[in-house]
Amino acid sequence: MSAAVNTETLDWANLAFGYMPTDYNVRCRFADGKWGPVEESTSETIEMHIAATALHYGQEIFEGLKAFRGKDGKIRIFRLEENAKRIRESAKGIMMEPIPEDLFREMVIRVVKLNERFVPPYGSGASLYIRPLEIGMSARIGVKPADEYMFMIMVSPVGPYFKEGFRPTNICIMREFDRVAPKGTGRWKVGGNYAASLDAGDRAHSLGYSAVLYLDPKEKKYLDECGPANFFAIKEGKYITPASESILPSITNMSLQQIARDLGIEVEARHIPIEELDSIDEAAACGTAAVASPIARIDDLDTGRQYVIAPDGQPGPITTRLYDTLRGIQLGDLPDTHGWNTVL
Ligand SMILES: *Cc1c(COP(=O)(O)O)cnc(C)c1O
């Protein structure tokens, strides 16, 4: 299907964060109470029932992780065990069939090996994005979970997130929209959460902001998530990040917290009242796509308040150090002391 993509001549460093066809995807069906064999497919499409629960009642969950090529030529997949755990939690959260961790692992490794020529070279700044997803397949009209599921993994090479360098951007606070409900699906990686964020994200982008910093959906007093990413700040030398049950537990955030502790930086996961933005020294959004995306200024669109975080337009020293360390571990340039990489 992708004979047209010549990986010998690809301009890796200028790839977008977008879909590019590769050679294979892998698929596995759950039916009659068990997972079937893993299928290697060259098709970019799937066939499903018109009444499938994924289409009608949003039974769709996904993951996102990356594989990198190191200076030694080896491929490293970052913390796939954590994605395996998280997609099981997501499945339980919306009554889908949890994927066995071994099956998840086997399929991730298999799809990366099958598409090895799409793992970008070391030094390009690009990586192979891995996108597992599970969908409910059973035909239903009444609202009820499916009893048949399909778990698939596709991959796509993606370019470096910061093409013009690691530079802070502006974000905004908007009270008109919530991404998730207080006891809703925010803690799981559910497609519907993204649907709920599209309108707000679109408005923010058209006003020149890179993302919306959501407040907690119950009281609108505390910081929650930054678009499809977690938020962290550096305050008086400490790493602070919001703790709330409507936040998706980011594996990048978890890793940055560990790196911070390794560097002797104290970590606080707690409610962060919006007023505290006045006293922070650095801030960033974090997730697999960018690792950490530094924030220059936060505009509260409802009150007109502006919180200037990086007046010189430069990323802060601690954010930069955390970013460089995590990237270094992913690429194999720094020692992987916590055993985060699966080296192929
Ligand atoms: C995926 C995701 C993140 C980032 O998680 P990582 O595991 O770090 O990639 C953060 N917030 C939301 C809402 C997400 O869906």
> Put +1 on the Cβ of each Lys and Arg and -1 on the Cβ of each Asp and Glu in segment 2-158; which of I77, M20, A54 then has its Cα farthest toward the positive end of the dipole?
Replying inline: I77
> What full-extension length gain, to one decimal in nm, is calculated for E89 and L198 as 0.36 nm per residue of separation minus the Cα-Cα distance?
Replying inline: 36.9 nm
> Restricting to the chain, what percent of DSSP beta bridges are antiparallel, rounded to 5?
Replying inline: 85
>> Net charge within 14 Å of T320 by Cβ-Cβ distance, Lys/Arg positive one each and Asp/Glu negative one each, not counting T320 itself?
In response: -1
> If we count every other residue with Cβ under 11 angstrom of M150's Cβ, Lys/Arg +1 and Asp/Glu -1, where does the sum land?
Replying inline: -4
> In whole Hz, what ³J(HN,Hα) sequence does segment 63-75 give by Karplus (6.51, -1.76, 1.60; θ = phi - 60°), x for Gly and Pro?
Replying inline: 9, x, 8, 9, 10, 10, 9, x, 4, 7, x, 7, 9
> So what are segment 12-53's ellipsoid semi-axes, whole angstrom, largest first, if each one is the square root of 5 times an eigenvalue of the alpha-carbon gyration tensor?
Replying inline: 28, 14, 9
>> Explain nothing, just the number: relative contact order of the chain, from Cα pairs under 8 Å at least 6 residues apart, as a whole percent.
In response: 19
>> Give me the one-decimal Kirkwood hydrodynamic radius in Å for segment 2-158, with the sum taken over alpha-carbon pairs.
In response: 16.4
>> When the expected Rg is taken as 2.2 N^0.38 Å, what fraction or multiple of it is the alpha-carbon Rg of segment 234-295?
In response: 1.08
>> Can you compute the helix-only [θ] at 222 nm over the chain? Use -39500 (n - 2.57) per DSSP H run of at least 4 residues, normalise by all residues, nearest 500 deg cm²/dmol.
In response: -7000 deg cm²/dmol
> Along each of its three principal axes, how wide is the spread of alpha-carbon positions in segment 169-331, in whole angstrom units, largest first?
Replying inline: 38, 33, 26
> Where does the Debye-calculated log10 I(q)/I(0) of segment 261-344 sit at q = 0.20, 0.25, 0.26 Å⁻¹, using only Cα point scatterers of equal weight, no solvent?
Replying inline: -1.06, -1.37, -1.42
>> Using amide H atoms built in the peptide plane, which far-off residues or other-chain residues are under 5 Å from Q59 H to H?
In response: A54, G136
> To the nearest Å, what is the center-to-center distance of segment 124-188 and segment 263-284, using C-alpha atoms only?
Replying inline: 25
>> Can you compute the modelled spin-label distance between E276 and L103, with each label point 7 Å from Cα toward Cβ, in nm?
In response: 4.0
> For E276, what is the net charge nearby, where nearby means another residue's Cβ is under 14 Å from its Cβ and Lys, Arg count +1, Asp, Glu -1?
Replying inline: -4
>> Give me P(r) over the chain, computed from all C-alpha to C-alpha distances, binned every 10 Å, as integer percentages.
In response: 5, 24, 32, 26, 11, 1, 0
>> Could you work out how much longer the chain between Q306 and D333 gets when fully extended? Use 0.36 nm per residue separation minus the Cα distance between them, nm to one decimal.
In response: 5.9 nm
> Once phi is turned into θ = phi - 60°, what whole-Hz ³J(HN,Hα) does the Karplus curve with 6.51, -1.76 and 1.60 give for every residue of segment 166-175, x standing for Gly and Pro?
Replying inline: 7, 10, x, 10, 9, 10, 9, 9, 9, 8
> Which FRET efficiency value, to the nearest 0.05, is calculated for R175 and Q314 with the Förster distance at 30 angstrom and r the Cβ-Cβ distance?
Replying inline: 0.50
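Coordinate-derived values only; no laboratory data. Small disclaimer: the values here were computed from a predicted structure and weren't measured. Glycine gets a Cβ as well: all are built from the backbone with ideal geometry, and neighbour counts include every protein chain shown.
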